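Read the figures in this text as sums done on the coordinates, not as results from a lab. None of the values given here were measured: they were computed from a predicted structure.
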Amino acid sequence: MVISILTLFPEVFPKVLNSSIIGRAQQKGFIFLKYINIRDFATDKHRYVDDKPYGGGVGMIMRVDIVEKAIAAARTNALQSSHNIKRGEGEVFEKVILLDPKGKLFNQSIARRYSKLDHLILVCGHYEGIDERIKYFVDEKISIGKYILTGGEIPAMAIADAVIRLIPGVLRNSEATINESFSFPYSNTSCSNLEYPQYTRPKIYKRYKVPTILLTGNHQKIENWRKRGQLLK
């Protein structure tokens, strides 16, 4: 899978995304991260990517023409690479996602859907956002919460992390993502669907004890206890 991240600040990503599980996933060839600097598609010598909003207002707006050129370049670069990006009529192998506080709230179900793609393009806005006409060049708008950040870089990191760990082979234990929070089998119910409480050594720490049932060795009772823990609101 290729994830292309379109941003004004490509230098902020490698420190985070080249480490731990995601770093190993890249080393093993499960994932290819490409950082595309939107400023490279500016048309003037100062490399401006924004302009004043029509009708007046505070702040600057990123230009749709420049961002769209960056999206087109991301698509071309991925297709020309050797990473098996496919396009077929009636099948979706690629999606362009705009990180936008007005977008659909990101969740585990969306992460699973994205993890099945060949190519995921994440577009990071900045300043006061991107010209509204960008909606004609993206497939979805996604938000990670009802709050405002300085740009789409942190949401892009969060989405990339959530998606990459779901790609088969990335995690050593293939069952690691099955019983965690917000996952199957309770993802379509009204329950909170949180992962069951977990404990490790020491058995007692500052008078706080590990639940006795976890020490019994009775796997059926432990399983029932864990299920009740998942269903608590």
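What the table below lists for this structure:
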| quantity | calculated |
| --- | --- |
| Members of K102/K227; K28/K135; K28/K221; K52/K102; K34/K104 lying beyond 30 Å, as alpha-carbon distances in this model show | K102/K227; K28/K135; K28/K221 |
| Percent of C-alpha pairs per 10 Å bin, the chain, short to long | 7, 26, 30, 19, 11, 6, 1, 0 |
| Segment A72-Y54, extension gain: residue separation times 0.36 nm, minus the distance between their alpha carbons | 3.9 nm |
| Amide H contacts under 5 Å for D50, placed H, 5+ residues apart | R63 |
| Using alpha-carbon coordinates, inclination of helix 153-164 to the longest axis of the chain, degrees | 50 degrees |
| Candidates K146, K203, K116: whichever shows maximal mean-square fluctuation once the chain is modelled as a Gaussian network with Cα springs under 10 Å | K203 |
| Degrees separating the helix 219-231 axis from the principal Cα axis of the chain, which is the longest one | 40 degrees |
| Where the Cα pairs of region 1-123 fall when distances are cut into 10 Å bins, in % | 11, 36, 36, 14, 2, 0 |
